[in-house]
Amino acid sequence: MLMRDRFPILKNQIYMNSCSQGALSVDVKDAYASYLRDWDEKGSPWEYWAERNEAARQAFAGLVNAEASEVAVTTSLSAGVSALASAMDFSGERNKVVVSDFEFPTVAQIWHAQEARGAKVVHVPAAGNVIPLSRFEDAIDEQTALVSISHVCFRNGSKLDIEAITEIAHRKGALVLVDSYQALGTTPIDVKRLKVDFLAGGVLKYLLASAGLAYLYVRKELVGGLNPTTMGWFSQANIFAMDIYANTPHPTARRFESGTPAVPNTYAAVAGIKLVQSVGVERIEQQIKELTGAIKEGVMKRGFNLVSPVDPKKHGALITVRSHKVDLLTKWLAKDGIIVSHRDDNLRISPHFYNDLHDVDCVIDGLTRHRELLV
Ligand SMILES: Cc1ncc(COP(=O)(O)O)c(C=O)c1O
């Protein structure tokens, strides 16, 4: 089967909305069918379902070069980051959380919620569509406990220099959390090379699975010293102990999990990640570079207002274009069979490996047809 044929929606639509939800593949559809079949035929195969959760953990660990013991499997990115926040102590001198202005709301909201526990949240402001490194240098200091940054900004597609920001943070004794949701599956990510302390993300965008499954990576040297208060029986050292007299966190990153795993979604997550790896993340990165390059060129040639940075090193798989009636534009494009999305006044065009240059031409033609909403 040709790769494009694995995504039935591509027969009828120009699908460029992977920043919101990856296209459904026959592989992920089959994975959900397998879950229903297992349930139907085996009744309650909990041992096997626990193994599926471990397979989902292994799949992510392999993708980002972590050890499985450093990965918590959660139901959303928010759940993992909240568990991490609950384990942090903000009562001392080092109580500052430095948050970039490119964060997804959920992450910033979680850190602001910690103000009730003594945290001081400081935002690093953007300068247009970028955040200069000097602003991180100014904001991070010896009182900073954590720097929380988004790999690729969901609003405008800008990419932060994770290695450089991590170097600044570590030099000043602060830890680093990266929200890689918008980058996973589009570019090789190696947590050891990046030297980050925590990395969170989920599977429903470029990892091609569905809502309901996400991950938190915690560097192994840090796991034992972090005791979340968002616990549950699946975060215990021994879930079969059924102990109601004590809380005994698992020695690995599993301590950041909580209750019954999202079993159906583990099937989909493994299928989605495998599909991405079968294409190869390096190859995907190259293709996305070509497609985003063509989108930027088409947008600029027609005099539309490109919001994402032009430099390919400074944006992710998400190109944004300003529109003064962006909700209407998104609707009209959908009527033409072009699926994109928007945030603020930005139209978000987000190709994946299943798109080609013909798709880009269709999007640019679509924008040209509705140019009165763009300029
Ligand atoms: C950068 C980023 N972080 C987080 C999320 C969502 O996190 P959660 O799984 O908590 O809904 C999204 C998208 O929905 C996102 O784009």
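A few notes on this one:
- Of HIS358, HIS370, the sequence from fewest to most neighbouring Cβ atoms within 10 angstrom is HIS358, HIS370.
- Magnitude of the charge dipole for the chain, about its Cα centre and with charges confined to Cβ atoms of Lys, Arg (+1) and Asp, Glu (-1), is about 680 debye.
- Listed from fewest to most Cβ neighbours within 10 Å, the set LYS159, LYS314 follows the order LYS314, LYS159.
- Using the rule -39500 (n - 2.57) for each DSSP H run of four or more residues, divided by the residues of the chain, the 222 nm mean residue ellipticity is -11500 deg cm²/dmol.
- The distance separating the Cα centre of the stretch 252-283 from that of the stretch 1-43 comes to 15 Å.
- Peptides 170-179, 316-325 ordered by packing proxy, namely the average of other Cβ atoms within 10 Å per residue, highest first: 316-325, 170-179.
- Gap separating the Cα centres of the stretch 132-177 and the stretch 345-374, nearest whole Å: 32
- Relative protection proxy for 39-45, 363-369, 203-209, from highest mean packing down: 203-209, 363-369, 39-45 (other beta-carbon atoms within 10 angstrom).
- In order along the stretch 347-356, the Karplus-derived 3J(HN,Hα) couplings, from 6.51 cos²θ - 1.76 cosθ + 1.60 at θ = phi - 60°, round to 7, 9, 10, 10, x, 9, 5, 7, 9, 9 Hz, and Gly and Pro are given as x.
- Relative intensity of the stretch 81-217 on a log10 scale, I(q)/I(0) at q = 0.10, 0.17 Å⁻¹, equals -0.30, -0.89, per a Debye sum over C-alpha point scatterers of equal strength in the absence of solvent.
- Note on the chain: GNM, Cα springs under 10 Å; of ALA271, ALA113, ALA246, the largest mean-square fluctuation is that of ALA246.
- Exposure proxy order (Cβ contacts within 10 Å, fewest to most) of CYS19, CYS362: CYS362, CYS19
- Kyte-Doolittle mean at least 0.0 and Cα axial length at least 20 Å: DSSP H helices in the chain: 263-279
- Shape of the stretch 28-276, Cα gyration tensor, a/c cut at 1.5: oblate
- For the stretch 221-232, 3J(HN,Hα) per residue [Karplus equation, 6.51 cos²θ - 1.76 cosθ + 1.60, θ = phi - 60°, Hz, x = Gly/Pro]: 5, 9, 4, x, x, 10, 10, x, 9, 8, 8, x
- The peptide list 126-133, 100-107, put in order of mean Cβ contacts within 10 Å with the highest first, becomes 100-107, 126-133.
- Extension gain, GLN143 back to VAL26 (0.36 nm per residue minus Cα-Cα distance, nm): 37.1 nm
Since every read-out is calculated from the coordinates, none of them should be taken as a lab result. This is a predicted model, so every value here is computed, not measured. Note: ideal-geometry Cβ built from the backbone for every residue, glycine included; neighbour counts use all protein chains shown.
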